[in-house]
Amino acid sequence: ANQGGPAAKHLLHVVYAHRESCRMASHGAEDGEQASAAASGQAPQDDGGQAQQPTNSTDLQKEIDKMRMQTMHKLVARVDAPAETGTLPCKLLYLTNTQATLESGTEGKLRFKRMCEELELPSDPKLIIRLMPSMHGTYHWESNPYWRGRFPSKRTPEVSFADEDRTEHQLMLLVKEVILPLAMSTQVVITGTDQCGLTIAFLKVSLAYQNQLREKCPFRMIIFASAHSYEFKARNRLTVARAFRDQCQPWRDREEKFEELMAKKLGADKAFWPMLDMPVGRYSMILFECIVDEKKLDDGIVTNFQNDFLAMFPGVPTTSLMTFGTNKFSIMPMVADQIMRGSNLLLIDSRKRKDTPPDDIETARDELKELSKMLHNAKFQDAKYSNLLGRENETSKIPANA
């Protein structure tokens with residue numbers, strides 16, 4: 001407490017109150033004023049008249065979570081993730097909803113800098129590359145294999161397997177020929193998300209360079225993800241997700257709650273839960289609990305935190321890339337945030353079209369309608385709406401900065 005200042009002293013009071021309330025509850029004791037204070041969640045007052053602490057165990061836990069986030073005390077774990085050639089070093093930060101806030105001001109910036117240091121991220125990068133959620137590709141549906149049995153139209157939306165392979169190959173070429181050279185040019189932070197085909201493609205292509213350069217690698221990747229996305233695979237001891245979970249006690253402690261809320265959201269049949277495993281590579285990950293009031297799962301905190309995270313780098317240019325699509329245009333708030341910040345936003349059409357771009361937007365729409373009809377006849381749902389937006393922006397009548 002003497003070394004940590006007021007925040008550490010407050011944390012000790014909170015922990016003391018939590019310990020005392022648990023002890024009294026377990027023994028059923030009511031011993032005068034001390035038992036009454038402990039049961040109400042109050043810490044002993046100091047000479048300066050320390051204010052009373054929160055009055056129940058839930059509030060006490062939230063106070064502890066906030067204090068740990070402020071001090072970053074044992075929040076970041078090193079994970080030796082399994083790979084084909086041994087293990088790869090990763091960093092994991094697990095956050096509850098209470099902890100998933102970034103404060104402005106001098107103190108907030110100092111805590112953010114400490115968080116970056118713990119995650120081995122540069123606190124003053126020269127460029128940020130944001131890989132926007134690019135879903136509904138092969139990786140996404142391989143992580144949800146049994147959905148096609150319940151919803152046959154929910155598959156990789158391509159007319160043929162050859163078209164599907166071509167779009168995945170083009171994604172790898174995009175990373176190799178465009179994104180990776182940009183990342184290697186200066187000190188760069190690259191952000192990605194779970195179930196994102198663009199994030200997985202970057203990790204696959206860049207792994208050889210990361211293994212060769214190690215600490216001298218000019219870029220560092222951070223992935224923002226929901227813990228429940230990996231809950232199913234984390235129970236298998238042969239997965240990468242299990243290696244992360246073994247190093248994260250708070251995640252393991254919530255197993256029963258995740259079981260309850262996943263069943264409530266997706267049904268008791270675990271075949272329809274996400275079967276997502278953490279990717280192989282060198283990266284840092286911020287994993288969000290996403291449990292709201294102990295009643296439901298909500299991924300909105302992930303997007304909000306990522307937006308706040310990027311806002312902590314004022315003046316640093318950001319380039320965002322997106323392809324494929326997301327569920328029900330859920331990405332639109334993130335797209336709007338990028339536009340409002342004046343950041344570069346690149347929407348990429350992943351499909352092979354005609355060699356020359358259309359002359360006008362009506363021609364582009366006619367092409368898209370034709371493909372949509374073909375997919376409909378093949379009983380596919382075309383969820384790759386980023387392709388539509390990207391194709392329309394190829395037309396010569398739309399300004400380059402639109």
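The values are calculated or read from the model by the stated rules, or taken from the named source; none is laboratory data. On a predicted model such as this, the values are computed, not experimentally measured, just so you know. Every residue, glycine among them, receives a Cβ derived from its backbone with ideal geometry; neighbour counts consider all protein chains shown. The area values use the complete protein model at the heavy-atom level, side chains included, leaving out ligands, DNA and RNA. Shrake-Rupley method; radii C 1.70, N 1.55, O 1.52, S 1.80 Å.
Data table
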item: Those residues of segment 101-116 which are over 25 Å from Val280 (Cα atoms) and either open to solvent by less than 40 Å² (accessible area, probe 1.4 Å) or in contact with a Pro (Cβ under 9 Å, 6 or more places away or on another chain) (or both), in sequence order; result: Leu102, Gly105, Gly108, Phe112
item: Residues that are surrounded by fewer than 24 Cβ atoms within 10 Å (Cβ to Cβ), within 19 Å of Met278 (Cβ to Cβ) and not charged (D, E, K, R), drawn from segment 209-222; result: Gln210, Asn211, Ile222
item: Condition check for Ala263: surrounded by fewer than 20 Cβ atoms within 10 Å (Cβ to Cβ), of a type outside the set (Asp, Glu), outside any strand (DSSP E or B) and modelled with pLDDT under 90; result: no
item: Any chance Leu238 is among the hydrophobic types (A, V, I, L, M, F, W, C), open to solvent by 20 Å² or more (accessible area, probe 1.4 Å), assigned to a loop (DSSP other than H, G, I, E, B) and closer than 21 Å to Arg78 by Cα; result: yes
item: Members of segment 179-206 found to be surrounded by fewer than 22 Cβ atoms within 10 Å (Cβ to Cβ) and part of a loop (DSSP other than H, G, I, E, B), listed by number; result: Ser185, Thr186, Gln187
item: Restricting segment 266-279 to residues that are touching a residue at least 40 places away in the same chain (Cβ under 8 Å) and not in a helix (DSSP H, G or I), the residue that is farthest from Thr85 (Cα to Cα); result: Trp273
item: Any hit, segment 385-400, residues being surrounded by 15 or more Cβ atoms within 10 Å (Cβ to Cβ), in a helix (DSSP H, G or I) and at pLDDT 70 or above; result: no
item: Search result, residues across segment 124-177 that are polar (S, T, N, Q), over 19 Å from the mean Cα position of the chain (by Cα) and either modelled with pLDDT of 75 or more or on the phi > 0 side of the Ramachandran plot (or both); result: Thr138, Thr167, Gln170
